[in-house]
1. Run residue 31 past the list (1) at pLDDT 90 or above; (2) at positive phi and report the number of the one that doesn't hold.
2. Would you confirm, using the coordinates I've provided, whether residue 103 is closer than 16 Å to residue 24 by Cα and out of contact with any strand residue (DSSP E or B) (no Cβ under 9 Å at 6 or more places or on another chain)?
3. So residue 7 ticks every box in (1) surrounded by fewer than 16 Cβ atoms within 10 Å (Cβ to Cβ); (2) out of contact with any strand residue (DSSP E or B) (no Cβ under 7 Å at 6 or more places or on another chain); (3) at pLDDT below 90 but one. Which box is left unticked?
4. Restricting attention to segment 43-63, does a residue exist that is in a loop (DSSP other than H, G, I, E, B), more than 12 Å from the chain's Cα centre (by Cα) and either without any contact (Cβ under 8 Å) to a residue 24 or more places away in the chain or crowded, with 20+ Cβ neighbours inside 10 Å (or both)?
5. Select from segment 85-122 the residues that are touching a helix residue (DSSP H, G or I) at 6+ places or on another chain (Cβ under 7 Å), in a loop (DSSP other than H, G, I, E, B) and in the same structural domain as residue 157 (by TED's automatic domain parsing) and write down the one among them that is nearest to residue 23 (Cα to Cα).
6. Restricting the search to segment 106-152, which residues are surrounded by 13 or more Cβ atoms within 10 Å (Cβ to Cβ), farther than 24 Å from residue 57 by Cα and in contact with a strand residue (DSSP E or B) (Cβ under 6 Å, 6 or more places away or on another chain)?
């Protein structure tokens with residue numbers, strides 16, 4: 001079960017951030033510019049790391065994000081949403097016909113912090129592993145969706161970085177953790193593990 005940190009975003013904020021991501025994807029498909037409201041919620045001005053994940057009919061179709069934000073969420077979320085929908089090299093770009101089955105998930109990251117392997121909490125912590133100019137990141141929900149224990153989660157994060165699976169045990173490897181506030185569009189089909 002996913003153990004989420006304290007909520008920073010209200011239900012209204014969550015709906016507006018999800019709508020922002022959906023609007024960016026729709027604007028990219030239709031060619032109409034993204035229109036932002038004059039009265040945007042204060043959360044749009046926050047600077048946070050964020051990942052946007054897109055599913056179509058329950059299948060993963062893209063996940064792109066930034067670890068540490070340099071811009072406000074009003075810019076970061078549309079950028080990540082468009083990148084996830086159209087520029088994740090693992091998947092074909094979304095098409096207009098995909099909009100009906102599209103479900104969006106937003107993961108807003110905490111600040112990164114050092115974490116010891118034995119302190120990793122599955123479902124609560126995401127991981128960032130770096131060594132030899134390579135890095136890999138997995139969100140907390142990945143371990144839950146794939147039924148990974150802490151050791152497997154570490155190994156999979158190393159694999160994502162292009163490192164040997166046991167690189168997390170080496171002294172030159174940096175292991176950082178983070179938490180996420182995760183929210184997805186209502187009535188979304190349960191994502192299928194890939």
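The values are calculated or read from the model by the stated rules, or taken from the named source; none is laboratory data. Keep in mind that what you see is a predicted model, and the values were worked out from it rather than measured. We place every Cβ from the backbone using ideal geometry, glycine too, and count neighbours over all the protein chains shown.
1. (1)
2. No.
3. (2)
4. no
5. 122
6. Selection gives 109, 110, 112, 115, 125, 126, 127, 128, 129, 130, 136, 137.
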